[in-house]
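Everything below concerns the one structure shown next.
Read-outs: derived from the displayed coordinates by stated rules, not from any lab. Computed from a predicted structure; not experimentally measured. Here the Cβ positions follow ideal geometry from the backbone for every residue, glycine too, while neighbour counts run over all protein chains shown.
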């Protein structure tokens, strides 16, 4: 546990609920940094939990919330977003006063709503957070201690949050290599709808589009695909269940982004139908300029 | 020049018109394979041509079509698709009877239309082709002799084509490492609209979408983007001019694909607005299953 803001944190007992790509990577990163004594995992799939123990991600598999939570100083909720309400309800009766709880949900307002409803007595020590990192792979098998290196971690604090608890969450993620920033849940959810949730919806729809072509077998069409389709659809291999939960949780923001996007795509279609080469060139240049600027910002910083 | 179908081709004089990523890579691959004696380049940008010579892609810069074409046994048209009509008109008066001409255009019906109009006396030796390979980089600087390794090359022959000329084009591309197949121009243009042209339109529109958000500066939004947006927009750095030409050239097919895609995206929006988690899960699963099957087919073959 953090002794003061300036010192390196050390956890006696870290509990990971949902030992998948994100939870597993967080555990491995803290273990590699030497910041934790014991790591206990709790999860739905016994097979995945056994694999997590075999891989050295967790030391022990807990069979019940009560066993997991006894004496815990930090609990990480890293289940799919759709389960977080239920998981909070399950752990609430056994949460000890000192235990700090955080999450990694890709949407924040819905997680905060769940916390107000399920963790009402623990709001000082529930710190909502989201690491913007991931791959299209799933499960403990995919865990990687370097996953968060130089990636963004956003904390969306509650007004009830204890300052030292926020600092601990910040320090733990910084130890994982993350760049930590703080913003409101509303701002987080809007930005993530743009940079992540919308692109996923477009990519899922694009992959399904290949199957709508009545003239050819999808595998035949795909045999002629180059790197453009491959890269545009890399994220389609992500967990469908996770994405169902994310888009339902951030429904209002995502619907707004989808509507604006479709208007832009309709405009492009109209310019194309009108054979307006200059308008198309301007659309493509504007996109290309921003992309090149973004790439150079990233390479530089 | 090819002596017979079974022998390795050898070119005395190869002319590359437009020494960019594709034309330059073709030249380098043939040179590395030892299949060409002299390579002459012709192009709009003197700076790019000098760089191409410096990089050893071409031996000589021709200043006029007549100088380039004298004694040529093979001419590769690798300018942007929108210029191909004009380039054909420029070379037609100087084309010698034996010279075989081919192209690398991303759309084929429009190139064929241009050939019927501009190369009417040379249709036996104009072989339309398209290598499905590329990167988002441009110019001679980006040329790479391994670019076509294990990539698809599609020939869309004319009924007037000489069989030996087709075989030469096939043999040259096979020497570059490409997998050669033959199909109709209509089929090519439909498949490419699905696997390449549509994804580019979606990616350009997605990158522009970041700039439509009134609440935040685009650079601020992008600073929170992870690998999903980065990969979905990799192709946005491609040449805007080239993409204007491609989408105008394949306008009818592309408009049909855009319309179908928009319908699917609207369906997804409706399921999301209705909070129909099961329908969303089915959409995502269907996409994810096809993606995983595609990846395993590719890894296997």
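Computed from the alpha carbon atoms alone, the convex hull of the stretch B:188-300 holds 152 Å³ per residue. The mean number of partner chain beta-carbon atoms within 10 angstrom of a residue's beta-carbon across peptide A:246-258 is 3.
Using the rule -39500 (n - 2.57) for each DSSP H run of four or more residues, divided by the residues of chain B, the 222 nm mean residue ellipticity is -15000 deg cm²/dmol.
Considering only A:87, A:221, A:180, the mean-square fluctuation computed in a Gaussian network model of chain A, springs between alpha carbons under 10 angstrom, is largest for A:221. Which FRET efficiency value, to the nearest 0.05, is calculated for residue B:66 and residue A:275 with the Förster distance at 30 angstrom and r the Cβ-Cβ distance? Efficiency computed from Cβ-Cβ geometry: 0.35.
Using a 7 Å projection from Cα along Cα-to-Cβ, the label point at residue A:8 is separated from the same position in the remaining copies by 6.0 nm, smallest value first.
To the nearest ten degrees, helix A:198-209 and the longest principal axis of the Cα atoms of chain A are 60 degrees apart. Label-to-label distances for residue A:256 across copies, nearest first, come out at 3.8 nm, using points 7 Å from Cα in the beta-carbon direction.
With the simple spin-label model, which puts each label point 7 Å out from Cα in the Cβ direction, the residue B:59 to residue A:97 separation comes to 8.9 nm. Overall, the ratio between the Cα radius of gyration of the protein assembly as shown and 2.2 N^0.38 Å, rounded to two decimals, is 1.12. GNM on chain B, alpha-carbon springs under 10 angstrom: the most fluctuating residue among B:278, B:92, B:60 is B:278. Counts of other chain beta carbons within 10 angstrom of each beta carbon in peptide A:270-279 average 3.
Largest GNM mean-square fluctuation across B:244, B:125, B:170, computed for chain B with C-alpha springs under 10 Å, falls on B:244.
Between helix A:240-249 and chain A there is an angle of about 90 degrees, using the helix long axis and the longest principal axis of the Cα atoms.
Quick one: plug the Kirkwood hydrodynamic radius of chain B (C-alpha pairs) into Stokes-Einstein at 37 °C, 0.692 mPa s, and report D in µm²/s. In µm²/s, the coefficient is 157. Across all directions, the shadow cast by the convex hull of the stretch B:11-183 built on its C-alpha atoms averages 8.4 square nanometres. Copy-to-copy label distances for residue B:54, where each label lies 7 Å from Cα along Cα-to-Cβ, are 5.6 nm in order of increasing length.
From the C-alpha coordinates alone, can you work out the Kirkwood hydrodynamic radius of the stretch A:25-80, in Å?
11.7 Å
Could you grab the relative contact order for chain A? Cα pairs under 8 Å, six or more apart, rounded to a whole percent.
With pairs under 8 Å counted, the relative contact order is 17 percent.
Relative to the longest principal axis of the Cα atoms of chain B, helix B:163-175 runs at roughly 60 degrees. As a calculated quantity, the FRET efficiency between residue A:8 and residue A:142 at R0 = 35 Å, using C-beta atoms, amounts to about 0.80.
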